[in-house]
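Undergrad: Before we start, here is the structure in question, set down as structure tokens.
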Amino acid sequence: MYSSQELSELKEKLLEEKRKLLERVQKMEDTQARIGEEVKEPGDLEDISQMTYTQEVLDNLSSREVFLLREIDYALQKMQAGTYGICEYCGEYIELERLRAIPWTRYHAQCAEKVEEEGIMPTYTVPGGFEGTIPEDIEIQREDITEA
């Protein structure tokens, strides 16, 4: 079990990481918009190639960013539900040091390895339902990263 001070510390870490992620996603969207404008007036094949590569990198990054935002929101929901810090694989409390390092983690380190080996996909079921909080002004354009 964790103290209220420890939970408060972890919640602040989650909120800070979420703020940083949202800033990065916003910067990526700005870059994607700029690339879109540049594509309308390409210089040469090298410019087009570089813009295409940059777009692919941004698409991959945004997929990871959206995944982390969902995990952070899920961890915050679990805090509200009183189930935060309980390993979803074995049901035991996760070590505080691990939560301090990865506050959105769902598993003990050993259980995380088992989950990966077994190919278990994350779900987002918390008592009361999952309510993501990705701001509406951030537009996700890829269908494969909007599905949970």
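Nothing in this text is a laboratory measurement; each read-out follows from the coordinates by a stated rule. None of these values were measured; they are calculated from a predicted model. For neighbour counting, all protein chains shown are included, and Cβ atoms are generated from backbone atoms with ideal geometry for every residue, glycine included.
Undergrad: State, to one decimal in nm², a quarter of the convex hull surface area for the C-alpha atoms of segment 78-124, i.e. the direction-averaged projected area.
TA: Taking the Cα atoms of segment 78-124, their convex hull projects to 3.3 nm² on average.
Undergrad: Let me ask something else. Please list, in chain and number order, the residues 5+ apart from I86 or on another chain whose amide H is under 5 Å from its amide H, with Hs placed from the backbone.
TA: I94
Undergrad: Relative to the present Cα-Cα distance, how much length would full extension add between A109 and E12 at 0.36 nm per residue of separation?
TA: Gain in length upon complete extension: 32.7 nm.
Undergrad: Can you pull the one-decimal nm distance between simple spin-label points at T123 and R100, each 7 Å off the Cα toward Cβ?
TA: With each label placed 7 Å out from Cα toward Cβ, I get 3.3 nm.
Undergrad: Give a residue-ordered list of calculated ³J(HN,Hα) values for segment 104-113 (Karplus: 6.51 cos²θ - 1.76 cosθ + 1.60, θ = phi - 60°; whole Hz; x for Gly, Pro).
TA: 9, 5, 9, 9, 4, 4, 5, 5, 4, 5
Undergrad: If the chain between E92 and T31 were fully stretched, how many nm would it gain, using 0.36 nm times the residue separation less the Cα-Cα distance?
TA: Contour length minus Cα-Cα distance gives 17.7 nm.
Undergrad: In addition: Give, as a single signed number, the net charge of other residues whose beta carbon lies under 10 Å from the beta carbon of A101, with Lys and Arg counted +1 and Asp and Glu -1.
TA: Overall, the nearby charge balance is +1.
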